[in-house]
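Visitor: Let me begin by handing over the structure; questions about it come next.
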Amino acid sequence: MMALLRKVASADDAEVAHWSRMRLHLIRSDMLVDLDSSSKLNAEWAFLCLLRDEGRRAADTFLATHGKDLG
């Protein structure tokens, strides 16, 4: 969608121009890729804490690797 907006962005439409300049970054975790579809139904506190902690770990890794490139 972002690529399409960049192609059709009009200088006269400030909102479209704003969205077309947006940059997105992907933070990935191999642990989450290995979860099966049943994990979507798991609302146990320990599992939710595991997801939170893995998200923080993945974010720290991403920032250590790409932090200087942001902005």
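We did not get these values from a lab; they are worked out from the coordinates using the rules stated. Predicted model, so just to flag it, every value in this text is computed and none were measured. Cβ placement follows ideal geometry from the backbone for every residue including glycine, while neighbour counts extend to all protein chains displayed.
Visitor: Where does the charge balance sit around Ser29 when Lys and Arg score +1, Asp and Glu -1, over other residues with C-beta under 13 Å from its C-beta?
Guide: Values: positive: Arg28, Arg52, Arg56, Arg57; negative: Asp30, Asp34, Asp53, Glu54, Asp60.
Neighbourhood net charge equals -1.
Visitor: Quick one: helix 45-66 against the long Cα principal axis of the chain, what's the angle to the nearest 10°, folded into 0 to 90?
Guide: It is inclined by approximately 50 degrees.
Visitor: When only Cα pairs under 8 Å and 6 or more residues apart are kept, what is the percent relative contact order across the chain? Walk me through the numbers on the way to the answer.
Guide: Details: 24 pairs, mean separation 17.8, N = 71.
Averaging sequence separation for qualifying contacts and normalising by length gives 25 percent for the chain.
Visitor: The list [x] 15.2; [y] 14.4; [z] 12.4 gives values of Kirkwood radius over Cα pairs in Å, and only one came from this structure; which label was calculated from it?
Guide: [x]
Visitor: Once both labels are modelled 7 Å past Cα along the beta-carbon direction, what's the Leu4-Leu48 spacing in nm?
Guide: Those two pseudo-labels are separated by 3.5 nm.
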